[in-house]
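The values are calculated or read from the model by the stated rules, or taken from the named source; none is laboratory data. Predicted, not measured: the structure shown is a model, and the values here were computed from it. All Cβ positions, even for glycine, are placed from backbone atoms using ideal geometry, and neighbour counts span all protein chains on display. Quick note on the areas: whole protein, heavy atoms, side chains included, nothing else; ligands and nucleic acids left out. Shrake-Rupley method; radii C 1.70, N 1.55, O 1.52, S 1.80 Å.
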Amino acid sequence: MSESTVTDTPTPNEPQVATSGEAGGSGLPPEEIDRLTDDIVAALKTVYDPEIPADIYELGLIYRVEISDERKVSIDMTLTSPGCPVAGEMPGWVENAVAAVQGVQEVDVQIVFDPPWDQSRMSDEARVALDMW
């Protein structure tokens, strides 16, 4: 696998979405990358922290999503706190949700704590759901 190419510049609450391919480009057609990206984001939005009424994507818990030419998806995510009661289960929920996306061959989810999560990573949608203005 070669260097990653960023396909989207993230805002503070959006993950970095990248593809990997030869010579810095992806072997997947751009429309397929767009479809996979949209479907993966939709899948991520189905995963909720049971203690918080907002999905993990809108909470800003997803830091990086990389799609390889072989359709393997690598995800770096964090938790709202290292002591999260579902820390052991949530990566499996994310893996299952993304693995169900048509065309995805494999999913690897890593929990990271750098940078630490804070409320500035939340989308406006999450702020409304949590009444945190």
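Here the range 25-78 is the region considered, the condition is being hydroxyl-bearing (Ser, Thr, Tyr) and over 9 Å from the mean Cα position of the chain (by Cα), and the residue that is farthest from residue 101 (Cα to Cα) is 78. For the range 81-133, residues that are buried (at least 16 other Cβ atoms within 10 Å of the Cβ) and of a type in the set (S, T, N, Q) total 1. Among the conditions (1) within 10 Å of the chain's Cα centre (by Cα); (2) at pLDDT below 95; (3) surrounded by 17 or more Cβ atoms within 10 Å (Cβ to Cβ), the only one that residue 16 does not satisfy is (3).
Of all the residues in the range 57-71, those that are in contact with a strand residue (DSSP E or B) (Cβ under 8 Å, 6 or more places away or on another chain) and on the phi > 0 side of the Ramachandran plot number 1. Among the residues that make up the range 33-45, is at least one of them surrounded by 16 or more Cβ atoms within 10 Å (Cβ to Cβ) and outside any helix (DSSP H, G or I)? Yes, that holds for at least one residue.
Filtered by the rule that a residue be open to solvent by less than 60 Å² (accessible area, probe 1.4 Å) and over 17 Å from residue 78 (Cβ atoms), the range 46-67 gives a lone residue, 67.
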